[in-house]
Amino acid sequence: MTETHTSQNEQAGESYSADIYSEDGSIRADFLDRIDAHVQASDVEALADDVSGLHESELGDLIETLESDSRRRFATLLGNRFDFSALTEVDEAVRLDVIDALPNEQIAVALQTLDSDDAVYILEDLEEEDQAEILAQLPFTERIRLRRSLDYPEDSAGRRMQTEFVAVPPYWSVGQTIDYLRDSEDLPHSFAQIFVIDPTFHLVGAIDLDRILRTPRPNKVEEIMHETRHAIPAEMDQEEAAQIFEQYDLLSAAVVDENERLVGILTIDDVVDVIQEEAEEDLKRLGGVGDEELSDTVIETTKSRFLWLLINLGTAVLASAVIGLFDATISEMVALAVLMPIVASMGGNAGTQTMTVAVRALATRDIDIYNASRIIRRELTVGFINGVVFAALIGLVSAVWFSSLSLGGVIAVAMVVNMVCAALAGILIPLLLNRFGADPAIASSVFVTTVTDIVGFFAFLGLAAWWFGI
């Protein structure tokens, strides 16, 4: 079972890369101005000549750099010469902006030039009405394949897979297989494995291309195939699939449905994109910005950040309430107001360090019930050691600054307490959130910051009130 999809650059032969980048990695201003001038003048031939040699990622960078009106006219002017594979390299908002400017008929024609996974990547963000209209214009076989991929959950292996692959029956000889590969015009443009299937399309095994080339022609496929030990269920989350690739150093893997029938393949280039996306997603969630993109509008960006800022406001009020409990103590000793942010800030930074390591370890599954206790002990020890070191430093500075050994001792003890609590919160909060099904990348930072602020203020001000009898 095979199907051929190639990008327009590949159809034209070996593509070349124009020198369109400046030293800082941005699109050169003179190149951008030239493209914009072609767009404004509706000079289609000059525009096509300037972008014909660009790689899809370079074309994607150019599209993202153009203003909205210019990028829409850019795609419209190029018409059927517009390389749709570039839309897989841009932010979702930019992709939808371009697609909205194009007729569904042109999109349907263009999708037939793409690999199935790229076609699904573009289709999945469209409205259902537009999806249906575009799919209706595709050949029956292509329509069924794309619809099947779209039916799988978002961010699943089934959404990421390519439906183009080479499969042969086990009773074929190596010679028959080689002749088929040489004579067939309907092959994927790139593949590293041949899959072996039975008459019902159940996956039986796989053969690497180098093994085919090294084996005498009379040998049967079933004699040289190996079991596909790492077949990936189509319903599996794409992040889990990426971890399988990483663990077993795979270049490609079969994707099977619930009945163990071969439905597609995942390749390393798609998995690299998944790893990058997931890492970026975790980083954004730690910062409370969700799936925000640079191309989002002011309203969209404001809405995405508002909720977490509101939650942070609530936790800040809670920390301020703790300070309010010791207003009399602070009024008697102004030095406490000067020093107390130091304790909370150091605890917050230490907690964030531990939390970041914990969240990433949970995402990559490097932490589990077997090593969790050891990691907790390690973080507590690190927190204690850092607490003692910085306690000695800030205690000495405070004693000299305010000419009070007692004040230096109080802040030193508070520093140790908060650094240990910060380390404990930084590791336990992500573990507990994960245990109860919440996303630790989203919620951990708010809870960790709240703990370190409250503990820091309470420990320092409480010890000061007790020691000085205020």
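So L405 ticks every box in (1) at pLDDT below 90; (2) over 17 Å from T452 (Cα atoms) but one. Which box is left unticked?
Failing condition for L405: (1).
Residue under question is T141, and the condition is that it be among the hydroxyl-bearing types (S, T, Y) and either surrounded by fewer than 17 Cβ atoms within 10 Å (Cβ to Cβ) or touching a Cys at 6+ places or on another chain (Cβ under 7 Å) (or both); does it hold?
Here the answer is yes, as T141 does meet what is asked.
Restricted to segment 306-343, and to residues that are under 11 Å from D453 (Cα atoms) and touching a Ser or Thr at 6+ places or on another chain (Cβ under 8 Å), which residue is modelled with the lowest pLDDT?
Looking at the filtered set, the residue picked out is T315.
From the list E129, E45, E23, exactly one residue is over 30 Å from L187 (Cβ atoms), under 29 Å from the mean Cα position of the chain (by Cα) and assigned to a helix (DSSP H, G or I). Which is it? Before you say what the answer is, go through the steps one by one.
Values: E45 fails: under 29 Å from the mean Cα position of the chain (by Cα); E23 fails: assigned to a helix (DSSP H, G or I).
Of the residues listed, the single one that is over 30 Å from L187 (Cβ atoms), under 29 Å from the mean Cα position of the chain (by Cα) and assigned to a helix (DSSP H, G or I) is E129.
So which of S85, S68, S52 is buried (at least 17 other Cβ atoms within 10 Å of the Cβ), over 18 Å from R159 (Cα atoms) and of a type in the set (S, T, N, Q)?
Residue meeting the stated conditions: S52.
Scanning for something on the phi > 0 side of the Ramachandran plot and surrounded by 15 or more Cβ atoms within 10 Å (Cβ to Cβ), does segment 237-244 turn up at least one residue? I'd like the intermediate steps shown before the answer.
Applying the first criterion (on the phi > 0 side of the Ramachandran plot) to segment 237-244 yields none.
No, segment 237-244 contains no residue that is on the phi > 0 side of the Ramachandran plot and surrounded by 15 or more Cβ atoms within 10 Å (Cβ to Cβ).
Quick one: which residue in V196, V255 is in a strand (DSSP E or B) and either under 29 Å from the mean Cα position of the chain (by Cα) or surrounded by fewer than 13 Cβ atoms within 10 Å (Cβ to Cβ) (or both)?
V255
Which residues, taken from segment 56-98, are in a loop (DSSP other than H, G, I, E, B) and either of a type in the set (A, V, I, L, M, F, W, C) or free of Cβ contacts under 8 Å to residues at least 60 places away in the same chain (or both)?
Of all residues in segment 56-98, those in a loop (DSSP other than H, G, I, E, B) come to 66-67, 82-83, 90-91.
Scanning segment 56-98 gives L66, E67, F82, V90.
Which of the following residues is surrounded by 24 or more Cβ atoms within 10 Å (Cβ to Cβ), assigned by TED's automatic domain parsing to the domain that holds V338 and in contact (Cβ under 8 Å) with a residue 40 or more places away in the chain: F390, F457, F402?
F457
List every residue pair whose Cβ atoms lie under 7 Å apart, where the two residues are 6 or more positions apart in sequence or sit on different chains, the first residue falls within segment 359-384 and is free of Cβ contacts under 8 Å to residues at least 24 places away in the same chain, and the second residue, located anywhere, is buried (at least 16 other Cβ atoms within 10 Å of the Cβ).
Qualifying pairs under 7 Å: A361/I367.
Return the pairs, sorted by first residue and then second, in which the second residue is surrounded by fewer than 17 Cβ atoms within 10 Å (Cβ to Cβ) and not in a helix (DSSP H, G or I), the first residue lies in segment 132-157 and is touching a residue at least 24 places away in the same chain (Cβ under 8 Å) and of a type in the set (F, W, Y), the beta carbons are less than 8 Å apart, and the residues are 6+ apart or on different chains.
Pairs found: Y152/E235.
I want to confirm something. Restricting to segment 99-126 and keeping residues that are assigned to a helix (DSSP H, G or I) and farther than 30 Å from S252 by Cβ, which single residue is nearest to the chain's Cα centre (by Cα)? So that I can check it myself, show each step before the final result.
Step one: list which residues in segment 99-126 are assigned to a helix (DSSP H, G or I), which gives 99-100, 104-111, 116-123.
Checking which are farther than 30 Å from S252 by Cβ leaves us with 100, 104-106.
Numbers: D100: 25, N104: 29, E105: 32, Q106: 30 Å.
Only one residue tops the list, namely D100.
Residues of segment 168-191 being at pLDDT 90 or above, in a loop (DSSP other than H, G, I, E, B) and among the aromatic types (F, W, Y), which ones?
Y171, W172
Considering only segment 397-434, state which residues are outside any helix (DSSP H, G or I) and farther than 21 Å from M333 by Cα. Outline the logic, then answer.
Step one: list which residues in segment 397-434 are outside any helix (DSSP H, G or I), which gives 403-404.
Scanning segment 397-434 gives no hits.
The values are calculated or read from the model by the stated rules, or taken from the named source; none is laboratory data. The structure presented is a predicted model; accordingly, all values stated were derived computationally and were not measured. Cβ sites come from the backbone with ideal geometry, for glycine too, and all protein chains shown count toward neighbours.
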